[in-house]
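Everything below concerns the one structure shown next.
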Amino acid sequence: MSREPNYLKYPSIMKPPQSIQLMNENITLYEYTFNGIIELYDFLKTNPPINEKFNKDRLSSVIKSTAFSGAPYDQAVEKLMDSEAAGYLNYLKINRNIQRFASNNKTYKTVKTLAGTPDPIAIATNSPYTSTTRRKVRVPKTIVLNVDISFDGDTTDDQLLNRAIIVTVLINALERRNYKVLVNSFILSEYGDEVIKATFGIKGTGKGTDYQTLYKTLVVKEFFRRIYFRLVEVSDVENKWWYSYGGPCSKEKSKELMRIGSNELLFRSLNKMEIYGKDIGEDFKNSIELLGLKSIIDVSSEKKILEQCLENKEKIYHR
């Protein structure tokens with residue numbers, strides 16, 4: 001007997017399959033939405049039924065070697081909630097340094113006031129506003145950052161870590177310029193005329209940054225090679241995904257499927273963002289240029305913050 005579609009069992013997480021036209025193609029979209037790592041963990045712990053089109057003895061989330069995919073699947077699930085892992089704790093140290101050093105680099109504007117620092121020009125011209133003071137610039141604009149967390153087989157630990165640090169610095173830099181920043185990580189895979197989309201909330205409206213979701217989705221290799229593969233295996237797809245588990249979508253398809261609007265940014269995969277893991281300052285500069293943010297963010301000042309906070313950085317491994 002065929003299993004009941006999983007989207008009926010998990011309506012808050014899985015949308016019904018959607019038939020849409022995308023760039024002159026008819027595709028079926030299978031979509032997951034998680035508010036963060038906790039919701040993902042709770043979902044996986046219910047052991048969602050495997051799609052019967054997959055051979056349960058040949059699941060890539062399980063059988064791939066630890067050398068390539070990291071800890072076994074069951075351990076990978078538990079690592080989602082491990083807040084004491086050495087790599088995560090070291091990342092939090094770096095994040096605290098970013099917050100500390102960046103706090104001295106807030107963006108202000110000078111305005112004329114009745115009290116504050118005496119302004120000799122205003123005094124000489126008999127202006128009633130004889131002083132100046134600094135106020136934070138108010139920019140009533142929201143920026144949504146969508147981070148593609150897919151990566152190639154030869155990706156290094158330093159590339160993954162540098163990406164997480166760059167995203168952390170980027171959030172901080174935009175907020176210091178008084179932008180409201182929302183952040184999601186995501187994966188898009190396609191096979192034939194089907195696409196699987198999984199989105200993970202990192203920073204929502206009125207919420208602080210969920211650093212555990214940021215780190216686990218952007219740095220931990222098991223997340224992509226164990227956890228995401230399991231999402232493919234429990235999806236309601238009809239095509240032969242077990243052959244390859246899909247391939248990445250093009251930039252154009254990604255922008256359409258993520259509904260990238262005028263106030264949204266697409267932070268593409270590591271190599272596409274020219275994050276090579278050797279010089280984080282260069283990786284950061286490349287990312288800012290490719291995101292089109294050079295007119296907003298002073299790359300040289302943010303690189304100085306990076307250099308300060310990473311001066312005594314321990315080598316961080318996620319395993």
message: Contact list please: Cβ distance under 8 Å, first residue in region 268-294 and within 21 Å of Cys309 (Cβ to Cβ), second residue among the basic types (Lys, Arg) and assigned to a loop (DSSP other than H, G, I, E, B), pairs at least six apart or on different chains.
response: Ile288/Lys294
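Quick one: in region 284-308, of everything that is among the aliphatic types (A, V, I, L, M), assigned to a helix (DSSP H, G or I) and modelled with pLDDT of 90 or more, which residue is farthest from the chain's Cα centre (by Cα)? Give the steps one after another, and end with the answer.
Let us first name the residues in region 284-308 that are among the aliphatic types (A, V, I, L, M), namely 288, 290-291, 293, 296-297, 299, 305-306.
Now drop any that are not assigned to a helix (DSSP H, G or I), which leaves 288, 290-291, 299, 305-306.
Now drop any that are not modelled with pLDDT of 90 or more, which leaves 288, 290-291, 299.
Working: Ile288: 15, Leu290: 16, Leu291: 14, Val299: 20 Å.
Checking each candidate, the answer is Val299.
Could you check region 164-210 and list, in sequence order, the residues that are in contact with a strand residue (DSSP E or B) (Cβ under 8 Å, 6 or more places away or on another chain) and of a type in the set (Lys, Arg)? Before the answer, list the steps.
Keep residues of region 164-210 that are in contact with a strand residue (DSSP E or B) (Cβ under 8 Å, 6 or more places away or on another chain), which gives 167, 170-171, 174-175, 178-191, 193-205, 209-210.
Those that are in contact with a strand residue (DSSP E or B) (Cβ under 8 Å, 6 or more places away or on another chain) and of a type in the set (Lys, Arg): Lys180, Lys197, Lys203.
Are there helices (runs of 4 or more DSSP H) fully within region 34-113 with at least 3 residues that are modelled with pLDDT under 95? List them.
Numbers: elements: 37-45, 60-63, 66-69, 73-79, 86-102.
Qualifying helices (runs of 4 or more DSSP H): 66-69, 86-102.
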task: Look at Glu222 and say whether it is at pLDDT 90 or above, in contact with an Asp or Glu (Cβ under 9 Å, 6 or more places away or on another chain), over 20 Å from Val183 (Cα atoms) and not hydroxyl-bearing (Ser, Thr, Tyr).
output: no
field: Selection from region 185-217 of residues that are over 16 Å from the mean Cα position of the chain (by Cα) and either basic (Lys, Arg) or surrounded by fewer than 17 Cβ atoms within 10 Å (Cβ to Cβ) (or both)
entry: Gly192, Asp193, Gly206
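Do we have Gly281 as surrounded by 15 or more Cβ atoms within 10 Å (Cβ to Cβ), part of a loop (DSSP other than H, G, I, E, B) and modelled with pLDDT of 90 or more here? Show your work before the answer.
Working: surrounded by 15 or more Cβ atoms within 10 Å (Cβ to Cβ): yes; part of a loop (DSSP other than H, G, I, E, B): no; modelled with pLDDT of 90 or more: yes.
For Gly281, the condition - surrounded by 15 or more Cβ atoms within 10 Å (Cβ to Cβ), part of a loop (DSSP other than H, G, I, E, B) and modelled with pLDDT of 90 or more - is not met.
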Among (1) surrounded by 10 or more Cβ atoms within 10 Å (Cβ to Cβ); (2) out of contact with any strand residue (DSSP E or B) (no Cβ under 7 Å at 6 or more places or on another chain); (3) acidic (Asp, Glu), the one test that Glu31 misses: (2)
statement: Exactly one of Thr217, Thr213 is in contact with a strand residue (DSSP E or B) (Cβ under 6 Å, 6 or more places away or on another chain) and farther than 15 Å from Phe151 by Cα, and that residue is Thr213
- prompt: Looking at this structure, is Glu264 free of Cβ contacts under 8 Å to residues at least 40 places away in the same chain and not hydroxyl-bearing (Ser, Thr, Tyr)?
  reply: no
Yes/no for Glu274 being assigned to a loop (DSSP other than H, G, I, E, B), more than 30 Å from Asn47 (Cα to Cα) and of a type in the set (Asp, Glu): yes
- request: Output the residues belonging to region 238-256 that are within 18 Å of Ser60 (Cβ to Cβ) and assigned to a helix (DSSP H, G or I).
  value: Trp241, Trp242, Tyr243
- prompt: Among Phe229, Phe224, which is more than 24 Å from Asn90 (Cβ to Cβ) and not in a strand (DSSP E or B)?
  reply: Phe229
statement: Those residues of region 158-212 which are among the hydrophobic types (A, V, I, L, M, F, W, C), in a helix (DSSP H, G or I) and without any contact (Cβ under 8 Å) to a residue 60 or more places away in the chain amount to Ile171
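The values are calculated or read from the model by the stated rules, or taken from the named source; none is laboratory data. This structure is a prediction, so every number in the text was calculated from the model and none was measured. Neighbour counts are summed over all protein chains in view; Cβ atoms, including those assigned to glycine, are modelled from backbone coordinates with ideal geometry.
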